[in-house]
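Undergrad: Here it is, the structure in full.
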Amino acid sequence: MGVKTEAASVHDRSAVIALWQAAGLTRPWNDPGSDFDLALSNPTSAVLIARDGDAVIGSVMTGFDGHRGWVYYLATDPDHLKRGIGRALMAAAEDWLRQRGCPRLRLMVRGDNLAARGFYRAIGYDDQDVVVMGRNLA
């Protein structure tokens, strides 16, 4: 049987944040609680999760800005790696975006995260010739 995914709710907040931390996705300059809350409060974004019983074992945050879709915080519980959870969550994020008329999906991976880059290449993603620039607005 395949991995089942569903939209996260406010009740999943602590478990999802703990998963992001266990997967090494959080950084001191980003507040994962605010990211989770904002994603759930906005109709153009969602956090999708995979469960094993009641336990959250995977998550992905996705959003559509009207031009392209984005994916953030793809995480699998370290004890559940290599079971298709990441693939299932990415498929769920792609479906979520397609249902909203999104024509393309982009994601950012830190340059030194070779495992993540290999995973995304294995499921059909390729490097894009872009430079990401940013500015903090807070």
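Each reported figure results from applying straightforward, stated rules to the coordinates on display, with no laboratory input. What you see is a predicted model; the values in this text were computed from it and never measured. So basically every Cβ, Gly included, is an ideal-geometry build from the backbone, and we count neighbours across all protein chains shown.
Undergrad: Give me the distance in nm between label points sitting 7 Å out from Cα along the Cα-to-Cβ direction at LEU81 and ASP95, one decimal.
TA: For LEU81 paired with ASP95, the spin-label model returns 2.6 nm.
Undergrad: Ratio to report: Rg/Rh of the chain, with Cα atoms as the point set and Rh obtained by the Kirkwood method; give two decimals.
TA: With Rg and the Kirkwood Rh in hand, the quotient comes to 0.93.
Undergrad: Show me the helices of the chain, taken as full DSSP H stretches, that run 15 Å or more along their long axis by Cα and average 0.0 or above in Kyte-Doolittle hydropathy.
TA: 85-98
Undergrad: Could I ask something else about it? Once amide H atoms are built 1.01 Å from N in the peptide plane, which residues 5 or more positions from LEU105, or in another chain, come under 5 Å H to H?
TA: The answer is GLY69.
Undergrad: Choose one answer from ARG98, ARG121, ARG106: the residue with the largest mean-square fluctuation in a GNM of the chain with alpha-carbon springs under 10 Å.
TA: Maximum among the listed residues: ARG121.
Undergrad: Cut-off 10 angstrom, C-alpha nodes, Gaussian network model of the chain. Which of PRO43, PRO28, PRO78 fluctuates the most?
TA: Highest fluctuation among the options: PRO28.
Undergrad: Go ahead and set up a Gaussian network model of the chain, Cα springs under 10 Å, then flag whichever of LEU114, LEU40, LEU105 fluctuates most.
TA: Maximum among the listed residues: LEU114.
Undergrad: How would you order 54-66, 4-16 from highest to lowest mean count of nearby Cβ atoms within 10 Å?
TA: Ranked from most to least packed, the peptides come out as 54-66, 4-16.
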